[in-house]
Structures are given as C-alpha cells and as structure tokens.
Amino acid sequence: MTKHQCLDHHRSLEFFCYQCNSSMCSKCFTIHYKNHPDHSKWEHIDDTDLSLSTLKLDDNKDTTTTTNNHINSDSTINNNNNDINNFYSQINNIIKSLWESLRSSTFRYQELSTTENDIKQHYEELHRHLVIEEKKLNKDIINDKHTITNQIDNNINHLKYLINIIIIFNKLNNIPDTSKTFEIFNTLKNKNVSNSSDNESIITDTTTLYSTTTIMESITTSSSLQSFINHNNQTLFNEHNYKYNNYFNIDELLKQHSSDSSSILLDIIHKYNNQFNESTTNTDNNNLRLSSYKLSIKQPDFNQLNSIIEQSIKFDNIESTESINTTTTTNNNDNKQSYIFIAHQSNGATLINTSNNNSIEELKFYYQFDSTYSSIVSIGEYIYIFGGFFNQNKWIIISMKSKSMVYKGDIEGIEGDFDISVCYDGQDHIYLVNGFYYKKRIDRFNIKTMKFESYHQLPDEYYRQVSSMIFKGSLYSVSFDQNKLFQFDLTNKTITDHKIDILPFTACHDNNGNFFILDMTNKRFIKYNVETKQIINLNVIPFTNHQFPYVMYHQESPTSSYIYSFGSSNDCNFKYSIESNQWEPFLRDINYQNRGRCASISISF
C-alpha cells in the first residue's frame with residue numbers, strides 16, 4: 001500500500017500511537033518512545049489496517065474476536081496486542097449497541113403508531129354511528145328542502161315572465177306607469193346606476209347571485225315585492241338577463257305581427273299558457289305534499305355519556321424500563337409554524353406557510369365566507385369565524401392542525417349578522433361589535449361555555465366597524481367610513497371617541513395598540529396608536545380604482561412584521577413591510593379566487 005511521508009524526516013509513516021492519535025516514521029517513533037515510555041498502545045500501520053479490516057458489522061457473529069494471523073511477532077508488539085484488540089472490541093460493541101438502539105426505537109415507534117391508529121379507528125367508529133343517525137333523521141328534511149327549492153325556482157321564473165307580460169302590455173297600450181308596481185318595472189327599465197342616490201354599485205354578474213340560497217336571503221330581507229325586485233334589479237330582473245328575452249323583444253314582436261298589438265298579446269299569452277300550465281305550475285305552498293315535523297331534543301347526561309365512551313376504550317401509561325438517550329433538547333417554540341389563512345367566496349381557503357417559503361395549500365370547507373372580513377380571530381391552533389352574508393346565524397371553529405372545520409353552531413342569545421367586528425381578550429371571551437343590520441351593540445362569546453350574551457348597548461352614532469382590538473383593558477373599534485374610532489372601557493363601560501383624519505375602508509391591528517387603516521376615498525394609509533393618538537402616514541397600496549383590497553397584520557418574527565392585502569382578484573395581493581414602509585406585489589400566481597370581504601388571519605402554533 002502507498003505510505004505517506006513524514007514531513008520532518010521524509011520517511012514513510014509506519015507506526016501509529018493510539019494514545020496520541022498520531023502517525024510517525026521509524027525515527028519519530030524512536031524519539032517518541034524515549035519521550036513517552038508510558039505510551040504502550042501503539043501498532044505498526046500495516047497491522048492497524050489489517051485489524052480494522054477484521055471488524056465485522058454482523059451482529060450474528062462474536063464481535064469480540066479478532067484475526068491475528070498477521071500480527072508482528074516482535075515481542076514488544078505482542079505485549080500490546082491485548083490492548084489493541086480491546087480497543088477494536090470496544091468499537092464493535094459500540095456499533096452493535098447503536099444498531100440495537102436504532103432497532104428498538106424503530107419498533108417502539110411502530111408500536112405507538114399502531115396504538116394511535118387503533119384509538120383513531122375506535123372514535124371514527126363512534127362518529128360513524130352518530131353520522132348514520134344524523135342522516136336517518138335528516139333524509140326526509142333534505143328531500144322536502146329540495147322540493148321547496150324547485151318550487152322557488154319555478155315561481156321566480158313565473159314571476160319574471162309575468163313582469164315581462166305587464167311591461168309589454170303597457171308599452172303596446174301606451175299606459176303610463178303610475179302604480180307602485182309599474183314604478184318598479186319602470187325603474188327596472190330606466191334606472192341609471194351611476195347616478196343612484198344611494199351610491200349603489202354595479203353588482204358583478206356571478207352564478208352565486210342567481211342561486212336559490214341567495215334568492216331566499218333576498219326574500220327574507222325584503223319587506224315587500226317592490227323591495228325584492230329593486231334589490232335584484234341588476235340580476236334576476238335585468239331585462240338583458242331574462243331567460244325568455246326572445247319572447248319579449250318588442251321590436252321583433254312588432255315585425256312578426258305587423259304591429260298588431262292584439263295579435264302580439266295573444267301570442268304571448270299562448271306561450272305563457274304553454275310554459276306555465278297547471279300541471280307544471282304550483283303557486284300554492286299549502287298544496288305541497290310535505291310532511292310536518294316536530295323536533296324534540298333532549299340533551300343527554302354528558303357526564304354519563306363521557307363515562308360510557310371512556311369505558312369503551314382504555315389507555316394505560318405503562319412505565320417503560322427503556323430510556324431514550326438524546327444529546328439535544330427541543331424548544332417547543334422552535335417547532336411553531338406561522339401561517340396566513342385567507343378564506344374565499346368559493347367555500348374554501350388558502351393556507352400560506354410563511355415559515356416554509358410561503359408554501360401554499362388549498363383547503364375546502366362547507367361554509368360561505370362572504371362578509372366575514374372582520375369576523376375572525378385565532379386562538380392557539382383554532383380559528384373562530386362568526387356570521388357572514390349567507391350564514392348570519394352561524395359560527396364555526398376551524399382547527400389548523402387537522403385543517404378542518406371541527407364545529408359549526410347556531411348564534412343563539414344574540415342577533416346574528418354579517419360584517420361583525422370581533423376581537424379576543426386573551427382569556428375567556430371573544431367580543432362582537434355591531435354588524436351590517438344590527439347596530440348599537442357589543443356582545444360577547446365565552447369560548448369555554450360556548451355561549452353568547454348581550455354585553456353593552458352602544459349609542460346610535462356607531463355603525464359598521466372594520467377592525468376591533470382589546471388593549472390594556474379597553475376595546476378599541478374603527479368605524480367604517482367615519483372619521484373616528486371609539487374606546488370602550490371594559491371595567492366601567494364608558495366610551496371615549498378618538499377623532500381621526502381619515503375615512504376607514506378597511507383596517508387591521510397588531511394587538512399592541514396600533515391600527516393600520518386604509519382610506520380608499522382619499523387613497524391614504526396610516527398607522528394610528530391608541531395610546532399616543534399619533535397618526536403616521538404610510539406608503540399607500542398602489543391600487544387602482546377597480547381594486548378593493550382588505551388588509552391583515554402578520555408578524556413573521558420579532559423583528560419583521562407585515563401588512564398583507566387581498567381582494568376580489570390577485571391584483572389586490574400586496575405585502576407591506578412595516579420596517580421598511582414599502583409595498584410589493586405578493587403571490588400573484590396564486591390560484592384565482594374572489595377573496596374580497598372574506599376572513600383572513602395570522603396564526604402560529
């Protein structure tokens with residue numbers, strides 16, 4: 001074998017001292033031996049290579065034996081053979097011990113995984129029985145709901161057809177629209193949206209706006225047929241969107257019937273009778289063949305129920321004689337991951353892991369998040385969301401560990417709503433401030449008892465709130481489109497106004513006394529401190545007139561905090577650095593979803 005040279009004597013390195021862990025030539029060895037006569041654990045390098053080659057990585061063999069056929073017969077070396085062989089034996093024993101430890105740890109981990117899976121399957125079986133019972137009870141109800149929605153769809157089409165007949169009749173007979181009903185139709189035909197006195201904006205024509213659920217919401221909130229038609233004048237009752245538009249094209253009808261109004265009306269009535277004959281039309285709800293139900297719920301004895309469940313499975317912690325050896329300790333905070341949760345209007349949410357290079361995961365939930373923008377808080381691994389345009393009387397809990405909705409309940413004891421502004425006091429209560437329909441209120445929700453309660457009645461001057469925060473014993477809330485926010489002392493229930501020179505469209509906070517407020521009207525973005533009442537002007541988001549971004553606060557580390565904005569399109573996705581006061585586009589290639597007015601939150605667990 002090729003031997004390396006000694007740098008001092010230019011001779012081959014032939015000896016190795018185990019106590020010095022050094023190689024040496026014959027001359028070095030002679031000097032070394034004179035200077036260190038107590039260093040008896042040495043060997044010729046040829047024998048070292050040979051001895052190392054005798055190490056057996058086979059636990060079926062006796063690892064304490066070594067091959068000595070080529071050991072130098074020199075008397076001095078023979079005296080060291082036992083020490084050297086012991087050294088090799090120690091290496092073999094350590095390797096064997098490490099391998100046994102690896103095997104033992106692997107088997108133990110597999111046993112724990114099996115036990116974990118058995119527990120999971122047990123509770124899944126219990127849950128399966130509950131789901132079966134639930135589906136049994138709901139089967140007839142679901143069928144009846146389907147029947148009702150079909151009837152609603154038919155009646156809406158019927159209503160639209162009749163409205164068109166009246167409009168055509170009036171036009172052909174030059175009848176002025178004097179009645180309230182005709183005023184509605186006239187409004188439908190001639191309304192100038194841009195000059196509306198209530199600044200009504202043009203509604204995006206989406207499938208959701210034509211859904212039966214949306215129609216029922218509109219019927220519920222409408223005080224009369226007139227208000228229902230006005231509310232839907234850009235969708236259901238828009239003349240350009242009529243399913244039967246070809247039937248009512250006045251110019252075409254006049255051509256077809258040589259301007260004979262009687263012929264036109266007879267033709268329309270004939271088509272109406274064919275379209276809505278008695279066998280296919282039923283406008284009398286009482287004639288629906290639906291069952292009547294009386295629901296009686298008796299709450300079980302949960303202590304007894306818990307006892308039955310606990311007795312169905314037993315899990316004992318048996319103290320193990322094995323010990324786990326580790327050279328490192330784990331800090332729980334080091335394992336925490338930071339996320340941004342952004343809901344969208346397609347019954348889902350986007351989860352961005354800011355601790356892992358902004359990796360993205362799309363989640364699906366059976367909950368519509370429209371108008372929940374300020375109605376969300378995070379507590380540990382859980383996200384709480386209250387109300388929404390399509391779920392005004394509902395609230396949910398989402399677990400970020402399981403990435404699923406773990407609870408959905410009714411808002412009871414207080415009025416439900418959408419655009420509710422909520423905040424958490426860090427202990428037992430989430431506070432709910434105002435809403436779109438129901439004003440003058442501060443309610444609260446106990447996260448332990450899961451009960452709602454009315455807490456305080458606000459004066460008339462406060463309407464919808466865009467962001468709320470609890471800081472040093474007071475609840476602070478920013479009012480939408482008003483030059484103020486209010487401070488509510490939670491101890492003595494007194495209110496103090498803070499005047500701000502800005503019209504808030506959307507806002508967020510850092511839970512540490514600072515609000516970040518975006519004014520779309522004047523295109524301003526500020527930081528407002530509730531203690532000092534100081535306003536700092538920040539660089540505004542570079543949005544256009546057609547963008548409506550909604551902002552949220554996210555702290556990625558002790559030294560870096562950001563404001564993120566999301567909206568109806570990816571063009572609204574921005575990331576603002578608080579430290580550098582700069583905006584930049586963010587995740588423009590993310591899956592397109594309408595995230596406008598939807599809940600978003602920073603969460604770490």
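The values are calculated or read from the model by the stated rules, or taken from the named source; none is laboratory data. All values derive from a computational prediction rather than experimental measurement. Cβ coordinates were reconstructed from backbone atoms using ideal geometry, including for glycine residues, and neighbour counts include every protein chain displayed. Side chains are part of the model used for accessible areas, which takes the heavy atoms of the whole protein and leaves out ligands, DNA and RNA. Shrake-Rupley method; radii C 1.70, N 1.55, O 1.52, S 1.80 Å.
For this structure, a couple of remarks:
- Two numbers describe the Cα atoms of segment 407-561: Rg and Dmax, which are 15.8, 46 Å.
- Between residue 571 and residue 311, the C-beta separation translates, for a Förster distance of 51 Å, into a calculated FRET efficiency of about 0.30.
- Between residue 238 and residue 102, the simple label model (points 7 Å from Cα in the Cβ direction) yields a spacing of 6.7 nm.
- Across the alpha-carbon atoms of segment 448-505, the computed radius of gyration and Dmax are 12.4, 41 angstrom.
- Cross-link table 439/493; 401/575; 523/575, entries beyond 20 Å C-alpha to C-alpha: 401/575
- Our coupling estimate for segment 376-386, obtained by passing each phi through the Karplus curve with A = 6.51, B = -1.76, C = 1.60 and θ = phi - 60°, is 9, 9, 10, 9, x, 7, 9, 10, 10, 10, 10 Hz, Gly and Pro reported as x.
- Loop sites in segment 551-605: trypsin sites (Lys or Arg not before Pro), DSSP, at most 13 other Cβ within 10 Å: 588
- Only Cα sites of segment 92-138 enter the Debye sum here, all with the same form factor; the resulting log10 I(q)/I(0) across q = 0.20 1/Å is -0.72, listed in q order.
- A crude spin-label estimate for the pair residue 266 and residue 347, with each label 7 Å from Cα along the Cβ direction, gives 5.0 nm.
- Rounded to the nearest 0.05, the FRET efficiency derived from the C-beta distance between residue 142 and residue 118 at R0 = 41 Å is 0.75.
- Sparse-neighbourhood loop sites, trypsin sites (Lys or Arg not before Pro) in segment 127-159 - DSSP loop, at most 12 other Cβ within 10 angstrom: none
- Within the accessible area of segment 338-604, the carbon and sulfur atoms contribute 44%, probe 1.4 Å, all protein chains present.
- Cleavage-rule hits, chymotrypsin sites (Phe, Trp or Tyr not before Pro), segment 452-516, DSSP coil, Cβ neighbours within 10 Å at most 16: 463
- Residue-count net charge about residue 527 - beta-carbon cut-off 13 Å; Lys, Arg +1, Asp, Glu -1: -2
- Max-minus-min Cα coordinates of segment 338-604 on each principal axis give 47, 41, 35 Å, with the largest extent listed first.
- Applied to segment 304-310, the Karplus parametrisation 6.51 cos²θ - 1.76 cosθ + 1.60 on θ = phi - 60° returns per-residue 3J(HN,Hα) values of 5, 4, 4, 5, 5, 5, 5 Hz, with x for Gly and Pro.
- Sequence-separation-based contact order of segment 338-604, relative, with Cα cut under 8 Å and 6+ spacing, percent: 16
- Computed from label points 7 Å out along Cα-Cβ, the spacing between residue 304 and residue 393 is 3.1 nm.
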